[in-house]
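Heads up, the thing below is written out as structure tokens.
The values are calculated or read from the model by the stated rules, or taken from the named source; none is laboratory data. In this text, all values refer to a predicted model and were calculated from it rather than measured experimentally. All Cβ positions, glycine included, derive from the backbone under ideal geometry; neighbour counts span all protein chains shown. For the accessible areas, the whole protein counts, side chains as well, though only heavy atoms, and no ligand, DNA or RNA atoms are used. Shrake-Rupley method; radii C 1.70, N 1.55, O 1.52, S 1.80 Å.
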Amino acid sequence: MSHDTTNPHEPVGPEPEAADEVGTEELTEAPQAGEGSTEQGVDGDIEPVAAAMTEAFAVEETAPDTSGLRPVGEATYGPPDPSTESVQGPDNRIQITATSSYPWRVHCSLLITANDGSKWIGTGWFNGPKSIITAGHCVFIHNPGTQRHGWVRSVEVMPGRNGASLPYGKFVVPRAQLRSVHGWTSSPNHEYDYGAMVLTEPKGNQTGWLGFANWSDATLDGTTLNMSGYPGDKPTGTQWYHWSGVASLSARKVYYTLDTAGGQSGGGVYVIKDGGRYAVAIHAYGGSGSNSGTRINKPVFDNLKLWKG
């Protein structure tokens, strides 16, 4: 009997033979607080934070009409079971309206065009000048036997969206610039549900980005988790924030009572440490007792750093 021995964290793209490495952009501006080379934490790795590397500028484009579109998770899993509520108890999410300010502008509303031309919504976040992190199911949809199955056609990215307003404009990431890992593209495995968009221009220099960290259970336990994104149960294209403690941890997942809804798949779940914001998970799933995301363990950390370029 043969077995697939491929590393589930092996990075994959839709056209590996044609995919180029993302170049490193030489930046001459003075570093922002919290920047520098990768730091070694007491129990893991930390990739630094940047508020912005160049002066932000207002674009103020008008957002496309995404009203009525369904969360992209439904393209793989179907409509959610109404008994599994993602708002854990009273809904005390807070709407963010100052989306042109850091850190809110690093969070992106995504308009995803699937392989069959259908359109869906999701969330992503900058982790560097030329990379945006999201859920695996935002870039690769599992729907075997249908035209929808496989890498999505494109993702329209709207950093810091606030309803109809786009303070940083919008841009389209084509299929060739999407990335995920073998553990997700080979089967819809919750534990490997993460992906990225690699960019040809340093869009993140205007928005800034979140750092990210691979921390131990001892460090994460008892911390406050934060998340902001674009839930489909709120007014179209509006950004909402919530915070909670850690419910439980496993080697590849983080569970929490952050209030979420469909449309927030791909959002960065982050900890505030020494004034910097460090993602520790990529949100992907709702549940009846807790919601969850893919944990940024060492293999995930290494891939996020690779995609960051």
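For segment 293-302, a tally of residues being of a type in the set (S, T, N, Q) and open to solvent by 10 Å² or more (accessible area, probe 1.4 Å) returns 1. For segment 153-186, filtering for residues that are part of a loop (DSSP other than H, G, I, E, B) and either modelled with pLDDT under 95 or within 26 Å of W240 (Cα to Cα) (or both) leaves 8. Checked against the criteria, S186 counts as among the small types (G, A, S), open to solvent by 40 Å² or more (accessible area, probe 1.4 Å), closer than 24 Å to V300 by Cα and in contact with a Pro (Cβ under 9 Å, 6 or more places away or on another chain). When T200 is tested against (1) part of a loop (DSSP other than H, G, I, E, B); (2) farther than 14 Å from T134 by Cα; (3) touching a Gly at 6+ places or on another chain (Cβ under 8 Å), exactly one condition is not met: (3).
Restricting segment 131-149 to residues that are surrounded by 24 or more Cβ atoms within 10 Å (Cβ to Cβ) and touching a helix residue (DSSP H, G or I) at 6+ places or on another chain (Cβ under 7 Å), the residue that is farthest from L304 (Cα to Cα) is I141.
Of the conditions (1) over 17 Å from V72 (Cα atoms); (2) in contact with a Pro (Cβ under 8 Å, 6 or more places away or on another chain); (3) surrounded by fewer than 23 Cβ atoms within 10 Å (Cβ to Cβ), E201 clears all except one; give me its number. Against the list (1) over 17 Å from V72 (Cα atoms); (2) in contact with a Pro (Cβ under 8 Å, 6 or more places away or on another chain); (3) surrounded by fewer than 23 Cβ atoms within 10 Å (Cβ to Cβ), E201 comes up short only on (2).
Considering (1) touching a Phe, Trp or Tyr at 6+ places or on another chain (Cβ under 6 Å); (2) more than 16 Å from T66 (Cα to Cα); (3) among the aliphatic types (A, V, I, L, M), the lone condition that I112 does not fulfil carries the number (2).
Of the residues examined, V181 is one that is among the β-branched types (V, I, T), surrounded by 23 or more Cβ atoms within 10 Å (Cβ to Cβ), touching a helix residue (DSSP H, G or I) at 6+ places or on another chain (Cβ under 6 Å) and in contact (Cβ under 8 Å) with a residue 24 or more places away in the chain.
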